[in-house]
Structures are given as C-alpha cells and as structure tokens.
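The values are calculated or read from the model by the stated rules, or taken from the named source; none is laboratory data. The structure presented is a predicted model; accordingly, all values stated were derived computationally and were not measured. Please note: Cβ atoms are built from the backbone with ideal geometry, for glycine as well, and neighbour counts cover all protein chains shown.
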Amino acid sequence: MRMLPLLAVLLMALVSASAEAAFCPFCDAPTLVMAEQIQQCDHLVLGKWLGGEKATAVKGGTSKFEVVEIGFSSGDKFKVGQVLEMPLYVAGNETTRYTLMGPEERLEDWHAPAEVSTDAWKYLSKMPAPVTDPKAQTERLMYFLPYFEHPDLLVSNDAFAEFAAAPYDVIVPLKDRLPRETILQWLVDPKTPVTRIGFYGLMAGLCGQPEDAALLEKKILILDADFRLGIEGVMAGYLLIRGEEGLQALEDAKMRTKVATDAKGKEIPLPFSETYAVMQTLRFMWTYEPDRIPKDRLKQSMHILLDRPELADLVITDLARWKDWSIQDRLIALYDDKNFEIPAIRRAIVRYVIQCSRDVGEPAADGTAAALPEHAVKALANLKMLEEKDPKTVGDAKRYLIK
C-alpha cells in the first residue's frame, strides 16, 4: 500500500477518488511541522529580550537578545550569555522568552523571533528529528501524543500536525498504545476544535473496543449542525469497530432515508453532506482498510447512491475505479433517464464503459491475448451505441479520460 500522510489518506474524502489526494478533511496541519522547520536550521537558541530600536526612514529596526539556553548550535557557534542583535524590531519585555533559529551565522537569514512559553521551549528543544524509516516514524510519534490538548496552542497544534502529516500505515501500529478513554473524551468534548473531530473519530476506531461503538453511533446519528466537519472520520472509526453491521446502520440512517434526528429529538431533512460523508467513508475503507469489510459489500453499499442524481457521477467514477462491471446494464438504462440528464453523469457513464472495455485481463503465458471477457465485449457494443447516439458527450468524455 502506498505510504500517504494521514492528511492525504483522508482528503480523498473531499475530492473525486480518481484524483491524486494531497491533504485531508479530518486534519488541519501546516505545510511544515515545527520539526521540519527546525531541521532546516543550524542553530536553535532561547533568547531573553534586552531591548531594541524601531525602524526609521533611513535605518531598519533591531532587537537585542541574550542567549539563555541552547537547543542546539552547529559547531558550538553560539553560547549562553552571548548577545545577538536581530535585524528587526520586536516589542518585547525582559520576562518574555523567544526562539531564535536559522541557518549558518547570518542573522539576516534567520526566522523572525517568536515568543515562546517555558512548556513550548521544552517541547521544541527536546523533540526528535524527522526520520524516514517507517518503524522509527511510529516510535517518534509517541513523543507528540501527550501534547494533543496542551493549553499552549503552539504545542498542541504542532503535536496534532505531526500525526496529521504522518502516513496512516505509520499510525496504525500505535493502536494499542493510544489513550483510548482520553480520545473518546476529546471526541465528545464541545471544546474540541472541529478540525480535530474526524481525526479523533478515526483514532477512536483504531484503538476502540466493541462497547465504544455506541458513543460513535450516537455522534453519527444525532445531528447538531447542518454541516459537520470531520463526521466522515467518525464514521470510519465506527466501521473499524463494527464492520458490516456498522455499515448496515450507516446505510439505513444516511443512504436509504432523507430524514434525520436533531439534538432535540426532532425529525429534520437529512443534509446532503451526511450522505456524502458515507461515500467518503466507503472510499477510505476500500483503500486503507480493505480487510475490515469485504469489497463486494462496499460495492453493494455504493450502489445505493446511484439513485441520487447529485452523487451519481462521483459514484460511477468510484465504481469504475473499483472495476465493478456488474452495473453496466443499469448505467446504460440510466443514460436515457430524464432524472439523470446531466452532462457530468453522462460523461461518467461513458468513461465507465470505456474503462470496462479496456479491462481485458492479463495475456497468456505465451504472450497471446486472452479472450475478451463478457463485460468487455458488452462494453465495446455499448460504447459503439453511445457514439452513434451522442457523439459529442462521448468525445468530451474521451478527451478528459484519465488513462
């Protein structure tokens, strides 16, 4: 399985699954975590603000800092007690501490001084450097785990970002070492940032016990907002615990009905985003947890959404990617259905038929081509029929077909 950051693993939920994913909706992380920024530096020191001069029309501002602690300094270039004059003005005070870091010795090339608490300095100065070996990456993540909900936002946001940027396969081995009860508390705490709900939901599933499913199910079924960021992560965690039984529950509550229940127990229209979240969850399970629910069962679940014009083109694209050729007749009938007379749906159907026609199996051992399978023969006939009926749509579909 390809090693993608957890952000990438989970962003596939927001984009068409045929696209190459780069980030994820369950998580919120900067482009570079602090460890990566620090790794680019030759020096990291803690500075005490001594004073400074504001910039004028003819001279740039400056600030003086006394080095009070060394995180690291290549070649021992900087020492405790040394005074550094940074080439910009910082309005500070003598009780505040700042991180000073950068490459080589040209202070002009350093990062701007950043105010830092005692806890944050300890966190930054002791954090392990990034590594490339997957097993070492897994062990390294244990350093950041205790800091997820630290009161210092620099610390908590960066610790969370480390997990968000880690490959999913690197996190999975930690499932027996995750703080299960704490994660469940974070998941239901109204103070938890919404950008972390999906991640905590997925982690709750990774380390969860059967009895935890009820908490996740309640969070999934009772709507407290029209759009719930990260609910697909909670759904994925729920399926990690309950498997096919959980999938049946999602189908009944989010796919086969258009009614939901709000926090007051009142029936309300089911938001489109809830059904879309289930589709995102199916994609995640197919790609990253293929052994938890049989793939044929995931296909059956996706079939339910073919009846939804607002989702049909995405569903058809996913089923083509999954090589589910069992719906070919259904799609050909759908092509002429007036409820589905949408260019995006028709192009998706054409692309499905083209991909089906190309799925001809492996050549024989002697190099001769295998006989065309039945689905490919049927697809070639259907493609010819569609070209005669609607040459423009077929031409448009071929033009943008992903090889």
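Scanning region 151-180 for residues that are surrounded by fewer than 18 Cβ atoms within 10 Å (Cβ to Cβ), of a type outside the set (D, E, K, R) and over 17 Å from Asp133 (Cα atoms) yields Pro151, Leu153, Leu178, Pro179. Checking region 365-373 against the condition returns a match, with at least one residue being within 19 Å of Ala320 (Cα to Cα) and exposed (fewer than 15 other Cβ atoms within 10 Å of the Cβ).
Does at least one position in region 84-91 carry a residue that is without any contact (Cβ under 8 Å) to a residue 24 or more places away in the chain and either surrounded by fewer than 13 Cβ atoms within 10 Å (Cβ to Cβ) or assigned to a loop (DSSP other than H, G, I, E, B) (or both)? Within region 84-91, one or more residues are without any contact (Cβ under 8 Å) to a residue 24 or more places away in the chain and either surrounded by fewer than 13 Cβ atoms within 10 Å (Cβ to Cβ) or assigned to a loop (DSSP other than H, G, I, E, B) (or both). Taken over region 245-296, residues that are touching an Asp or Glu at 6+ places or on another chain (Cβ under 8 Å) and in a loop (DSSP other than H, G, I, E, B) amount to 4.
Output the residues belonging to region 372-403 that are acidic (Asp, Glu) and touching a helix residue (DSSP H, G or I) at 6+ places or on another chain (Cβ under 8 Å). If you could, list the steps in order and put the result at the bottom.
First, pick out the residues of region 372-403 that are acidic (Asp, Glu): 374, 387-388, 390, 396.
Once the filter is applied, which keeps residues that are acidic (Asp, Glu) and touching a helix residue (DSSP H, G or I) at 6+ places or on another chain (Cβ under 8 Å), region 372-403 yields Glu387, Asp390, Asp396.
Condition (residue is polar (S, T, N, Q) and modelled with pLDDT of 95 or more) applied to region 181-194: is it met by at least one residue?
Narrowing region 181-194 to residues polar (S, T, N, Q): 182, 185, 192.
So of that shortlist, the ones also modelled with pLDDT of 95 or more come out as 182, 185.
Looking through region 181-194, at least one residue is polar (S, T, N, Q) and modelled with pLDDT of 95 or more.
Does Glu232 meet the test of being in a helix (DSSP H, G or I), outside the structural domain of Lys323 (by TED's automatic domain parsing) and over 16 Å from the mean Cα position of the chain (by Cα)? The answer is no for Glu232. Against the conditions (1) surrounded by fewer than 19 Cβ atoms within 10 Å (Cβ to Cβ); (2) under 15 Å from the mean Cα position of the chain (by Cα), Ile197 satisfies every one except (1).
Scanning region 207-254 for residues that are under 25 Å from Pro309 (Cβ atoms), touching a residue at least 24 places away in the same chain (Cβ under 8 Å) and either polar (S, T, N, Q) or buried (at least 22 other Cβ atoms within 10 Å of the Cβ) (or both) yields Ile220, Ile231, Glu232, Met235, Leu247, Leu250, Lys254.
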